[in-house]
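Take a look at the structure set out below.
Taken together, the values in this text are just the output of simple stated rules run on the coordinates, not laboratory data. Computed from a predicted structure; not experimentally measured.
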Amino acid sequence: MKISTYHSYDELPLFLNAELVAKVLGVSISSAYELMHEEVFPSVRIGSRFVVPKDKFQQWVERHTGENIARPILRLAVQIGSKQTGGAR
C-alpha cells in the first residue's frame, strides 16, 4: 500500500484527477482509475477525462469509512487494495 502524502483536505484543489485520488487514498493510479469509473463514485466526466469534486470526494470518504474526514483514510486504501488483489490480505 502506498502512503498518502496529504494530511488535510484543505490542501486539495476543487477537483481531483486520478493521480490526486491515488495519492490521497495511497493506492496505485490504476486503482484510482478503476474507482473513478464505478457508478457509486462521485466522478464527473468532462470529455474523455474524469474528475472528482473535492466536496463530493470528502462525503464519499466519510460514507465509506464512517470516520471524520480529518482522520487518516488508510482503511479505505486497504479496502481498495484488497479488492485489487481479490480480497487476500
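Less than 5 angstrom separates the built amide H of L16 from those of V52, K54, all sequence-distant by 5 or more or on a different chain.
Overall, the anisotropy analysis places region 1-58 in the oblate class: the square-rooted eigenvalues a ≥ b ≥ c of its C-alpha gyration tensor yield a/c not less than 1.5, with a/b not exceeding b/c.
Remark: region 11-27, residue by residue, has Karplus-estimated 3J(HN,Hα) of 6, 8, x, 5, 10, 9, 8, 4, 4, 5, 4, 4, 5, 5, 7, x, 10 Hz, where x stands for each Gly or Pro and the curve is 6.51 cos²θ - 1.76 cosθ + 1.60 at θ = phi - 60°.
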